[in-house]
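What follows draws every value from the coordinates through simple rules; no lab data is involved. In this text, all values refer to a predicted model and were calculated from it rather than measured experimentally. Backbone-built Cβ (ideal geometry, glycine too); neighbour counts: all protein chains shown.
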Amino acid sequence: MNVQSSVLENGVRVITSSIPRVESVTVGIWVAVGARHESNRQAGISHFLEHLLFKGTRRRSAIDISRAIEGTGGYLNAFTQEESTCYYARVVADQTWTALDVLADMVLHPCLATGDIGKECGVILEEIAMYQDQPQHLVQDMLGRALWLDHPLGRPIIGLAASLKQMNRAELCRFRQRMYRPNGTIVALAGKVDHDDCVKAVRRLLGRIPRQRVQPFQPVLRSTAREPVSLMAKDIEQMQLAVGFRHFGRHDGRRYHLRILNAVLGENMSSRLFQTVREQHGLAYSIHSSFQLLADTGAWIVGAGLDRKRSRKALGLIFREIEKIRRQTIPSDEFRRARDYAIGQLKLSLESTTHHMMCLGEHLLSYGRFLSPEEAIRKIEAVTPADVQDLAAVLFRPERCSVAMIGPGLTPADATWIQDVVNRLR
């Protein structure tokens with residue numbers, strides 16, 4: 001793997017990973033705009049715009065866009081996150097320039113036709129309704145709201161029905177012109193590519209866009225409010241639970257400690273939460289932990305679908321494991337397994353050109369440079385059991401915690417009981 005990067009005169013960054021042994025290339029155009037750049041009135045506009053860019057350009061109709069990639073076996077997609085949007089395609093190597101041309105055309109010259117805006121708004125409203133009918137998804141939205149309340153991070157990336165319904169073409173065009181700027185754009189390519197050829201192609205397609213001022217987003221402060229407990233009474237078969245602890249951002253060196261902590265607690269079937277809640281007590285089919293790292297904040301999260309009659313017991317067991325890792329050093333064999341798992345997952349993630357491209361774009365946006373697998377592995381190997389326990393003691397505090405739950409018969413008394421469980425972490 002040979003990673004190289006260049007910056008064009010207008011600020012567009014180009015980063016490539018040359019992998020000669022493969023016959024495919026994944027091309028991605030990243031834009032440094034996401035849900036946390038939006039005002040309350042604009043909630044969901046980044047995701048809305050992402051959808052609309054597939055509806056046609058000055059040169060291509062929507063079907064032309066998909067056929068240009070899929071006609072030779074390729075794959076085309078996009079996603080919106082809190083701080084970025086990515087449009088990408090995976091193609092056979094001889095279609096690299098076609099893929100790059102299509103993606104650049106979508107980003108630079110979208111039609112944003114009024115008729116398409118109305119239809120796509122309807123599509124997204126149905127998507128919102130679908131998620132509202134999925135308690136395991138809805139509880140995560142509730143947790144996000146509880147963790148960050150009125151901050152933009154407290155809203156779902158997909159947006160709110162009320163804000164989407166009032167968006168018009170003029171507002172969408174203004175947002176794109178203001179936020180899709182060259183000095184916030186990264187073109188990442190991974191696979192059978194030559195860096196110099198990629199830079200020339202990107203310069204031809206994107207090099208003439210004038211530089212603009214970078215638009216900031218609203219920071220998360222220590223004073224940013226949270227809601228300790230959020231409940232929704234709903235007649236469903238399972239109790240859906242989400243627990244979150246707000247923590248540091250992606251530039252904190254403890255992110256490597258967090259990776260191992262997460263592996264110990266809930267990332268896989270060997271983890272403590274899975275073994276305790278599901279295997280030993282049979283209280284859940286699904287229980288899993290993850291973590292989110294953003295520029296200036298983040299969250300460690302547990303999600304679970306629980307036996308509705310024994311959800312209190314399950315929640316108590318979850319917090320018992322959290323308290324245990326705060327108080328007791330992780331045994332050396334368990335720590336070694338978690339560390340090796342984290343390293344193995346990192347290595348496996350680099351087996352595809354798409355994962356390579358994702359790493360290139362995310363690293364350049366997040367850190368201003370590519371962090372090599374070797375560097376990350378050295379950082380993970382340097383973590384000690386004491387480091388993880390120290391992090392757990394700082395992270396798992398009541399003032400950092402929010403709990404969301406959906407299920408039948410939930411009352412304010414349940415909220416009081418949950419808060420008492422959380423407060424025992426003191």
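Alpha-carbon geometry of region 230-308: the Rg and the Dmax are 14.2, 43 Å, given in that order. I'd like the orientation of helix 195-206 relative to the chain: the angle between its Cα long axis and the longest Cα principal axis, in ° from 0 to 90, rounded to 10. It works out to around 80 degrees. Basic side chains Lys and Arg get +1 at the Cβ, acidic Asp and Glu get -1 at the Cβ, and with that the dipole of the chain about its Cα centre reaches some 840 debye. Neighbour counts of other Cβ atoms within 10 Å put 141, 94 in the fewest-to-most order 94, 141.
Legend: residue pairs 192/347; 234/309; 55/119; 347/379; 55/200; 200/347, Cα-Cα distance threshold 21 Å; pairs beyond threshold, 55/200; 200/347.
For region 1-156, a simple Cβ point-charge model (Lys and Arg +1, Asp and Glu -1, everything else neutral) yields a dipole of about 200 debye relative to the Cα centre. Across region 229-423, Cα-Cα distances exceeding 25 Å account for 40% of all pairs. So what does log10 I(q)/I(0) come out to for region 96-175 at q = 0.11, 0.16, 0.27 Å⁻¹, using the Debye formula with one equal point on every Cα and no solvent? Relative scattering, expressed as log10 I(q)/I(0), comes to -0.44, -0.80, -1.20.
So I have [x] 37, 22, 21; [y] 39, 27, 19; [z] 44, 36, 17, and one of them is semi-axes √(5λ) of the Cα gyration tensor in Å calculated from this model. Which one is it? Step by step, semi-axes √(5λ) of the Cα gyration tensor in Å for this structure corresponds to label [y]. In sequence order, region 270-276 has phi-based couplings of 8, 6, 5, 5, 5, 5, 6 Hz under the Karplus curve 6.51 cos²θ - 1.76 cosθ + 1.60, θ = phi - 60°, and Gly or Pro positions carry x. Helix content alone sets the calculated 222 nm mean residue ellipticity of the chain: runs of n ≥ 4 DSSP H residues at -39500 (n - 2.57) each, divided across all residues, give -13500 deg cm²/dmol. Summarising the overall dimensions of region 2-206 from its C-alpha atoms, the Rg and Dmax are 17.7, 50 angstrom. Here region 138-226 is described by how far its Cα atoms reach on the three principal axes: 48, 32, 26 Å, from widest to narrowest. Fewest first, what order do 151, 247 take by the number of other Cβ atoms within 10 Å? Fewest-to-most Cβ neighbours within 10 Å comes out as 151, 247. Measure nothing fancy, just the Cα-based angle from helix 114-132's long axis to the longest principal axis of the chain, in degrees from 0 to 90, nearest 10. Compared with the principal axis, the helix lies near 20 degrees. Ordered by the count of other Cβ atoms within 10 Å of each Cβ, fewest first, 401, 121, 173 give 173, 121, 401.
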